[in-house]
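The next block holds one structure in the form of C-alpha cells; read it before the comments.
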Amino acid sequence: MNRQNHNPQSLQQEQDTYNEFIRTHPKSRLEYGGQTIEYLACGHGTQTILTPPHISSLFPPELGYRRILDFESRFRVIAPALIETDNLDDIAASLLHVIEKEGTSPVILFGQSGSGITAQIFFRRYFQHVAGMILVNTVAPGNPAPKTPLFTLFKILPAVLLKFIFKKKLMQPLDVADLPLDLVPRLQMSRVLLNEFFKTRFSKKALAVEIQNVLKFNAEKFISPELLSDWSGRVLIITSADDAGYKDSRLLSEKLPDASLLVLEKGYGHLAPTVKSKEVYLAIERLMTELNS
C-alpha cells in the first residue's frame, strides 16, 4: 500500500485544520529598522514559548501550525517571521523587539531544525531574556566550512535549478517509510505548503543572504561559560541517532549549561520528534515544570 495516497479525506481534514488555524490566528505587525515584522501571538499561560523563525524566509510562522496548536492551550506562544538582513545581530534584535512589545520576557526558546540556528543566534546575544531553551534536531556552530564554495554555485547555476535542488533537499526528510498512518496527512500537508511557499517565496537573492547567515553562525564559537555563570536557566536537546545533526546535538548538550539530552528511537531520521511526539512533549513538560519551580 502506498501510504502517500492513503485516505485522501484525511488530507482534506488536515487542510481544513490549517485553514481554520489561519482564520483564527491573525498576524500582528511591528516596525523594526524600516521593515515590518510579522508574527503570531496566541495562547495562554504564565510561561511564554518563543519559536524563532527558520533561518530561511521560505518558512513562515504558519508552517509550524501544528506545533503552535499543541503549545497554545498551555503556554503563551510568540512566533515571529524572519526579517531581511545579512546581520545576525539584527535578526536577534528583531526578536527581542517582538518580545518587548508583547511584554513576555523571559521566554523559553523552541528551535527545531533551521529555527534552532536562529534560537542559538538569539541566545548568544540575549540569554538574559531566556528562561530556558529547547533545541530539536538542529546543528551547532563551528562546523568545517563546505569544501565546495557555495557562492561559486550561485554564480554558475540559474535560479530555476537552484530552486529545484534546494526544494528536493528540503523534501527529503518527508520521505520516511512506515510512518504511523495518522501522521501521513500532516506530511502530505507539509508537502502542499512547501510547494506553495517555493512558488511564492523563493528568491535566489534571499537564499544567498540566508546561506551567508548560516555560514556566519557557523563561524561563531559557543558562548563563553563565564558569561553564563549567573544564568539560571536550563536547556533541553532532542535528537535521534539517525538524524543528520545527531553529533551536533550531542555537542550542544555538552557545551550548553544545565543541558539534558533526549535521544529518540532510530528509524525516522529528522521526523523522529513528530513520530515520537509523546516522548518529546513529556520531556518539554518536565523542563517547563522545572523552570516554573
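Results, tabulated for the structure shown:
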quantity: Cα→Cβ-extended label distance, 7 Å offset, between Asp182 and Phe198, nm; calculated: 3.0
quantity: For peptides 60-68, 223-231, 255-263, sequence by mean Cβ density within 10 Å, most packed first; calculated: 60-68, 255-263, 223-231
quantity: Furthest towards positive pole of dipole, Ser253, Tyr39, Ile211, structure part the chain, Cβ charges; calculated: Ile211
quantity: Answer label, with Cα extents along the principal axes in Å calculated from the coordinates and candidates (i) 51, 45, 34; (ii) 54, 45, 39; (iii) 45, 43, 40; calculated: (ii)
quantity: Local net charge near Leu82, Cβ-Cβ under 10 Å (Lys/Arg +1, Asp/Glu -1); calculated: -3
quantity: Residue (of Phe71, Phe21, Ile284) at the positive-pole extreme of the chain, dipole from beta-carbon charges; calculated: Phe21
quantity: Filter on Lys204/Lys266; Lys247/Lys278; Lys27/Lys205; Lys199/Lys221 - keep pairs with C-alpha separation over 32 Å; calculated: Lys204/Lys266; Lys199/Lys221
quantity: Probe 1.4 Å, accessible area per residue of region 188-293, Å²; calculated: 54
quantity: Cβ charges +1 (Lys, Arg) and -1 (Asp, Glu), total dipole of the chain, debye; calculated: 840
quantity: Candidates Ser28, Ser94, Ser56, ranked by Gaussian network fluctuation over the chain, Cα under 10 Å, top entry; calculated: Ser28
quantity: Ranked by how many other beta carbons lie within 10 Å on average, peptides 235-242, 283-290 from highest; calculated: 235-242, 283-290
quantity: Solvent-accessible area, 1.4 Å probe, carbon plus sulfur percent, for region 190-293; calculated: 51
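The values are calculated or read from the model by the stated rules, or taken from the named source; none is laboratory data. Just so we're clear, the structure is a prediction, and the values are computed from it rather than from any experiment. Reconstructed Cβ throughout: ideal geometry from the backbone, glycine too, with neighbour counts over all protein chains shown. What goes into the accessible areas is simple: the full protein's heavy atoms, side chains included, and nothing from ligands, DNA or RNA. Shrake-Rupley method; radii C 1.70, N 1.55, O 1.52, S 1.80 Å.
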